[in-house]
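Worksheet: the structure to be examined is printed underneath.
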Amino acid sequence: MGDPPNRALVFRVGQLGDVVMSLPAIWAVRRHWPNARLTLLCDAHPGRGRVLGSDILGSAGLFDSIEHYDAPPAEWSLARRLSARLRLMWRLRRGRYDALVYLAPSIRRPDQVRRDLRFFTLAGCGRVYGASYFPPAPVKRPGAPFATGDSEADLLLARLAADGIPVPGKGQGSLDMRLGQTEAAEVALWRSAVGPDGGRTWIGVGPGSKMPAKRWPLDRFGEAVARLISRHDVWPVVFGGPEDRGDGATLIARWRRGFNAAGELSVRGSAAALRRCALYLGNDTGTMHLAASAGAPCAAVFSARDWPGAWYPYGVARRVFRAALACEGCYLETCAERANACLTAISVDEVVAGCEELLALLELESAASVADASLRV
């Protein structure tokens, strides 16, 4: 589509998991246009405790600048919404972007896409990449299970490929957040204050979620990890935001060991700490995607609210636990009527078995690595 742009605007909305799952597409763009000035445009939610794009990628070096706009809450009047949109439009016009990389969620409706593109045209953005083709998503049909579909990361890559940007194969994209000495120093400082772990193997635990419909019961996390401690003498580390700190304290009191990192580390610091974990066990949340970006094998407990595969941990060894009920594909944030039946159908036994499979794989890989090193001596 012509010469490389000088200044490109990359549009991606969403929270921690959404941004992490867009990393393969962002890396593809950066590699294709190594000399372009890239600006990320993402949403902010003032006063609502959401993770910003700058919290995740601000020091990664993938973007030359990051722009935020306030996502309008429901109580905003139409006049206030229009005023905010006009201010953003003029701000973008001053940026003189000659290309737009459109990484809006892949479930965006056609009318929403047309609305977005009209806005970016008025904002002066030039050529558009990532909006000409949207791979079809699985459709839930009555009486039939939801078909497994591609991940959001691969859907975004397919959209870029349709517009001539080279992309890696399915499941092969990069989640590299470019962690460095700053994050290592943050973890070292935190680590110095929390006491010894006895040299034990860490496992990350993510029991939280901002969506009640994604929460496996806390007592089941407690039981599953208690069994792993009993059988493998592991050291649990709870991850999440400040809102998860109370649950972390409850779990660690039960286990009588572990560290509570929830709300104690930055997003990037948490990713650096997750690199030390031999395994991550948690709900379908941004923390799970952060663990995948850190290379931790993931045992992930999923509700059936979305199609299988859409948000599975990307690019790492994984065991996914998901029960296919007749009501799957509901997209509910709170399941009041059925009380999270799809999650309570997932047993502690199957989760522990999946975790142990991942731990066994790691032991095999470690043994193979030692054997290979001995042959080279």
Which one is nearest to Ala271 (Cα to Cα) among residues in segment 53-93 that are at pLDDT below 90, out of contact with any Asp or Glu (no Cβ under 8 Å at 6 or more places or on another chain) and acidic (Asp, Glu)?
Asp55
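Kindly indicate whether Leu155 is crowded, with 20+ Cβ neighbours inside 10 Å, in contact with a strand residue (DSSP E or B) (Cβ under 8 Å, 6 or more places away or on another chain) and not in a loop (DSSP other than H, G, I, E, B).
Details: crowded, with 20+ Cβ neighbours inside 10 Å: yes; in contact with a strand residue (DSSP E or B) (Cβ under 8 Å, 6 or more places away or on another chain): no; not in a loop (DSSP other than H, G, I, E, B): yes.
Taking the combined requirement at face value, the residue does not satisfy it.
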Return the pairs, sorted by first residue and then second, in which the second residue is surrounded by 12 or more Cβ atoms within 10 Å (Cβ to Cβ) and of a type in the set (A, V, I, L, M), the first residue lies in segment 169-182 and is on the phi > 0 side of the Ramachandran plot, the beta carbons are less than 8 Å apart, and the residues are 6+ apart or on different chains.
Arg178/Ala60; Arg178/Leu62
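Surrounded by 12 or more Cβ atoms within 10 Å (Cβ to Cβ) and either assigned to a helix (DSSP H, G or I) or free of Cβ contacts under 8 Å to residues at least 60 places away in the same chain (or both) - does that describe any residue in segment 140-147?
Applying the first criterion (surrounded by 12 or more Cβ atoms within 10 Å (Cβ to Cβ)) to segment 140-147 yields 140, 145-147.
Cutting the leftovers down to either assigned to a helix (DSSP H, G or I) or free of Cβ contacts under 8 Å to residues at least 60 places away in the same chain (or both) gives us none.
For segment 140-147, residues surrounded by 12 or more Cβ atoms within 10 Å (Cβ to Cβ) and either assigned to a helix (DSSP H, G or I) or free of Cβ contacts under 8 Å to residues at least 60 places away in the same chain (or both): absent.
Residue-by-condition table, conditions (1) surrounded by fewer than 24 Cβ atoms within 10 Å (Cβ to Cβ); (2) farther than 19 Å from Gly295 by Cβ; (3) in the same structural domain as Ser293 (by TED's automatic domain parsing):
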| position | (1), (2), (3) |
| --- | --- |
| His232 | yes, yes, yes |
| Trp235 | yes, no, yes |
| Phe239 | no, no, yes |
| Ala249 | yes, yes, yes |
| Ala261 | no, no, yes |
| Gly269 | yes, no, yes |
| Arg276 | yes, no, yes |
Would segment 69-83 turn up any residue that is on the phi < 0 side of the Ramachandran plot, surrounded by 18 or more Cβ atoms within 10 Å (Cβ to Cβ) and of a type in the set (A, V, I, L, M)?
no
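The values are calculated or read from the model by the stated rules, or taken from the named source; none is laboratory data. Note that the structure is a prediction, hence the values are computed from the model and not measured. Don't worry about glycine lacking a Cβ; one is built from the backbone with ideal geometry, like all the others, and counts go over all protein chains shown.
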